[in-house]
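The values are calculated or read from the model by the stated rules, or taken from the named source; none is laboratory data. All values derive from a computational prediction rather than experimental measurement. Glycine gets a Cβ as well: all are built from the backbone with ideal geometry, and neighbour counts include every protein chain shown.
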Amino acid sequence: MPLSDQDLQEQLRVLGYGDAEQIDIGMQGAVFRLGGGKVAKIWFYAGEEELRTLGELYGTIEGQMPFRTPRMLDLRQPGPYWVTIGAELPGVPLRSVAPAYGTAGWERARDCVVDVLAALAEIEAPEVLHRMTVLDEADPFRPEGVSWIEALTDLVRRRVARFGDQLAAVIDNFDAKVERLLNQLSELKEPETRLVHGDVTAGNILVDGDLWPVALLDLGLLTMPGDPVFDAAAAGSLIELWSPRVREVEAAFDQAFVEQLGYDAEQLLLYRRIHSLLIANAHDQDPYGRDSAVPLAAKLFNR
């Protein structure tokens, strides 16, 4: 049975927050405003060790970018899910104020995303990042001494081993396409290791009235030490993931990534397909029963 809003509210009442206001819900969990400058996040999948590591990452990167990042104040388990208490960050989600794609002012929203990605690309990966897990995995994505290309290749193979039957049913020549992707990945030059957020969306960027980024939320889902080009490729899709115009939006972002950040267009497409494979089944155990991204992966691979 899908999780209800009442289930979530009950966990916060146990912690003494009876009037919590739900302000967002995403792949990782639901966020509530508690008052007094605090917010709570109820995590659908993450366990204690993973969240303590995330809190360590937050502390390590605080103040390193030209916008705010989360700060974890407390970690509790009042029921089946872990809850973090953090400081409320300024701004409103970009998705709530950004002009629609193709309308006047959309380019400013695009450049806001590019600015966030450029700032992330400047952050050298701290040691704690090599201890972080991704998606629903139990082991670190990229321990010290493992290359980016090796770690990403292994992650793709693990996801395909678990969910490949679902993807093969809707993607033509699936096995051959995966092998072609991994061969292309093996030919890339090993990049300088940077902080990859992995989930830069218009809901995770908070902006001011001029659409300047003032805060960045929700590290943890695919946060890893890796190639910033991967972060850009993912963001180009995630901004309008469910839109029928997603391919047009990706192309517009890719043009900006090439012109403003110097990224390679073919590498962006390679990483975008890999990212699509990684997140295709990320909602399979979603307590809210939201849609699978398998059809979206199929559209990308079959075009």
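So which residues in the range 35-49 are touching a residue at least 12 places away in the same chain (Cβ under 8 Å) and either crowded, with 19+ Cβ neighbours inside 10 Å or part of a loop (DSSP other than H, G, I, E, B) (or both)? Working first, answer last.
To start, the set of residues in the range 35-49 that are touching a residue at least 12 places away in the same chain (Cβ under 8 Å) comprises 35, 37-48.
Selection gives GLY37, VAL39, ALA40, LYS41, ILE42, TRP43, PHE44, TYR45, ALA46, GLY47.
On the basis of being farther than 26 Å from ASN281 by Cα and free of Cβ contacts under 8 Å to residues at least 12 places away in the same chain, does GLY86 make the cut?
Numbers: farther than 26 Å from ASN281 by Cα: yes; free of Cβ contacts under 8 Å to residues at least 12 places away in the same chain: no.
No: the conditions fail for GLY86.
Give just the number: which of (1) assigned by TED's automatic domain parsing to the domain that holds ALA282; (2) more than 18 Å from the chain's Cα centre (by Cα); (3) among the hydrophobic types (A, V, I, L, M, F, W, C) does TRP82 not satisfy?
(1)
Out of the residues in the range 175-217 that are charged (D, E, K, R) and touching a Ser or Thr at 6+ places or on another chain (Cβ under 8 Å), state the one that is farthest from GLU240 (Cα to Cα). Full working, then the answer.
Filtering the range 175-217 down to residues charged (D, E, K, R) leaves 175, 177, 179-180, 187, 189-190, 192, 194, 199, 208, 210.
Keeping just the survivors that are touching a Ser or Thr at 6+ places or on another chain (Cβ under 8 Å) gives 190, 199.
Values: GLU190: 29, ASP199: 13 Å.
So the residue we want is GLU190.
List the residue pairs whose Cβ atoms are under 7 Å apart, where the first residue sits in the range 253-279 and is in contact (Cβ under 8 Å) with a residue 40 or more places away in the chain, the second is of a type in the set (Phe, Trp, Tyr) and not in a helix (DSSP H, G or I), and the two are 6 or more positions apart or on different chains.
PHE257/TYR263
Please specify each residue of the range 254-281 satisfying the condition of being over 18 Å from VAL196 (Cα atoms) and at pLDDT below 95.
ALA280, ASN281
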